[in-house]
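The values are calculated or read from the model by the stated rules, or taken from the named source; none is laboratory data. Just so it is clear, the model here is predicted, and its values are computed rather than measured. Please note: Cβ atoms are built from the backbone with ideal geometry, for glycine as well, and neighbour counts cover all protein chains shown.
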């Protein structure tokens with residue numbers, strides 16, 4: 001598998017790759033992610049929809065500090081991911 005999945009649920013962002021599912025806090029007003037604009041070795045630029053805004057906003061997610069806080073070898077974990085796709089619950 002060369003792609004990972006990004007999704008959301010109330011108050012959380014979910015990043016799935018292989019057998020790993022990583023959940024981390026998201027802004028309370030996040031409704032969903034709609035598009036991955038860029039993937040760069042752990043850094044994501046995505047379009048997100050928030051309750052307080054009628055239009056989607058560009059959002060930035062840096063996975064490296066999250067992975068390191070969870071004692072992952074970030075370089076090893078991220079090296080095989082070529083793409084990130086959005087999945088809706």
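Looking at (1) over 24 Å from residue 77 (Cα atoms); (2) assigned to a strand (DSSP E or B), can you tell me which one residue 52 breaks?
Here residue 52 meets the rest and fails (2).
In region 64-77, which residues are free of Cβ contacts under 8 Å to residues at least 60 places away in the same chain and touching a helix residue (DSSP H, G or I) at 6+ places or on another chain (Cβ under 7 Å)? If you could, list the steps in order and put the result at the bottom.
First pass over region 64-77, keeping only residues free of Cβ contacts under 8 Å to residues at least 60 places away in the same chain: 64-76.
Across region 64-77, the qualifying residues are 64, 67, 68, 74.
Here is a list: 21, 13, 35. Which entry is assigned to a strand (DSSP E or B), without any contact (Cβ under 8 Å) to a residue 40 or more places away in the chain and either over 26 Å from residue 73 (Cβ atoms) or within 12 Å of the chain's Cα centre (by Cα) (or both)? Spell out the reasoning first.
On the way: 13 fails: without any contact (Cβ under 8 Å) to a residue 40 or more places away in the chain; 35 fails: without any contact (Cβ under 8 Å) to a residue 40 or more places away in the chain.
One residue alone meets the criteria, 21.
Looking for whichever is surrounded by 15 or more Cβ atoms within 10 Å (Cβ to Cβ) and touching a helix residue (DSSP H, G or I) at 6+ places or on another chain (Cβ under 9 Å) here; the options are 50, 17. Which one fits? I'd like the intermediate steps shown before the answer.
Working: 50 fails: touching a helix residue (DSSP H, G or I) at 6+ places or on another chain (Cβ under 9 Å).
Result of the check over 50, 17: 17.
Spot the failing condition for residue 9; the list is (1) within 14 Å of residue 87 (Cα to Cα); (2) surrounded by fewer than 15 Cβ atoms within 10 Å (Cβ to Cβ); (3) modelled with pLDDT of 95 or more, and only one is missed.
Residue 9 satisfies all of (1) within 14 Å of residue 87 (Cα to Cα); (2) surrounded by fewer than 15 Cβ atoms within 10 Å (Cβ to Cβ); (3) modelled with pLDDT of 95 or more except (3).
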